[in-house]
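Have a look at the structure below, then the notes.
The values are calculated or read from the model by the stated rules, or taken from the named source; none is laboratory data. The shown structure was predicted, so the numbers you read here are calculated from the model rather than taken from an experiment. Note: ideal-geometry Cβ built from the backbone for every residue, glycine included; neighbour counts use all protein chains shown.
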Amino acid sequence: MSADRGQTVLDFVVGMSVFLVTVGFTFAFVPSLLEPYAVGEGATVIVAERGAARLAESSLAGSGSAATLSHACTFAFFNGTDSETASDESDCIWRANAEDLHAELGVDDTRGLNVTVTWNGTVGELDSGGHNATMRAGPAPPRDRSVAAASRIVTIDDPEDRTAPDTYRLTLRVW
């Protein structure tokens, strides 16, 4: 072996350390450089959760429990009535009805929204004065895009019909 060898153990350790730090940096930070070009699914989930909570706990809720929807307000919301004429008690606090779901939830028009209230897997209907309102609003969610959904279990307070189902599922889908 030659005595004028240029590589020592210390040189090898320093070289490998620099190489591993460089590789680690590349794997750690290159994905974050590409992230502005990727679709962020986290925001869609947050919008769905916040929107479902707003509908179930304040917009459609009566003066009672937060998980109990007012029959008059819910009927008017899905029927397309304005909030001033929705009920005699004027306990409806929504600003826009189901026809303008984006305005009610404060979501920009670039997102798709669909709210559905179901009972045993079928879309619920409310009856008031001989008129029916199907509890569904917004376009059907697309099959080719990622859709976030948030659900709340609610009851609908109907003083006139005590045979109404006990619990419904309010589901808000956002894409």
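Restricting attention to the stretch 102-112, does a residue exist that is surrounded by fewer than 11 Cβ atoms within 10 Å (Cβ to Cβ) and closer than 18 Å to PHE77 by Cα? Lay out the reasoning, then the answer.
First, the residues of the stretch 102-112 that are surrounded by fewer than 11 Cβ atoms within 10 Å (Cβ to Cβ): 108-110.
Add one more test, that the residue is closer than 18 Å to PHE77 by Cα, and what stays is none.
No - not one qualifying residue is present in the stretch 102-112.
Six or more apart or on different chains, Cβ atoms under 7 Å: show the pairs whose first residue is in the stretch 50-75 and closer than 10 Å to ASP157 by Cα and aromatic (Phe, Trp, Tyr) and whose second is at pLDDT below 85 and surrounded by fewer than 22 Cβ atoms within 10 Å (Cβ to Cβ).
Going by the 7 Å Cβ cut-off, there are no qualifying pairs.
Among the strands (runs of 3 or more DSSP E) lying completely within the stretch 95-175, list those that include at least 2 residues that are touching a residue at least 40 places away in the same chain (Cβ under 8 Å) and closer than 15 Å to ALA56 by Cα.
Working: elements: 113-119, 125-128, 131-134, 148-157, 168-174.
Qualifying strands (runs of 3 or more DSSP E): 113-119, 148-157, 168-174.
Here's the yes/no breakdown for (1) of a type in the set (Gly, Ala, Ser); (2) within 12 Å of the chain's Cα centre (by Cα); (3) modelled with pLDDT of 90 or more:
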residue: CYS92; (1), (2), (3): no, no, no
residue: ASP100; (1), (2), (3): no, no, no
residue: VAL115; (1), (2), (3): no, yes, yes
residue: GLU125; (1), (2), (3): no, no, no
residue: SER128; (1), (2), (3): yes, no, no
residue: HIS131; (1), (2), (3): no, no, no
residue: ALA137; (1), (2), (3): yes, no, yes
residue: LEU172; (1), (2), (3): no, yes, yes
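With respect to ASN120, is the statement that it is polar (S, T, N, Q), modelled with pLDDT of 85 or more and on the phi > 0 side of the Ramachandran plot true? Full working, then the answer.
Values: polar (S, T, N, Q): yes; modelled with pLDDT of 85 or more: yes; on the phi > 0 side of the Ramachandran plot: yes.
Here the answer is yes, as ASN120 does meet what is asked.
Within the bounds of the stretch 50-66, is there any residue that is at pLDDT below 80 and buried (at least 16 other Cβ atoms within 10 Å of the Cβ)? I'd like the intermediate steps shown before the answer.
Residues of the stretch 50-66 at pLDDT below 80: 62-66.
Cutting the leftovers down to buried (at least 16 other Cβ atoms within 10 Å of the Cβ) gives us 62.
Looking through the stretch 50-66, at least one residue is at pLDDT below 80 and buried (at least 16 other Cβ atoms within 10 Å of the Cβ).
Checking ASP88 against (1) at pLDDT 80 or above; (2) under 22 Å from GLU125 (Cα atoms); (3) surrounded by fewer than 10 Cβ atoms within 10 Å (Cβ to Cβ), which test does it fail?
All conditions pass for ASP88, except number (1).
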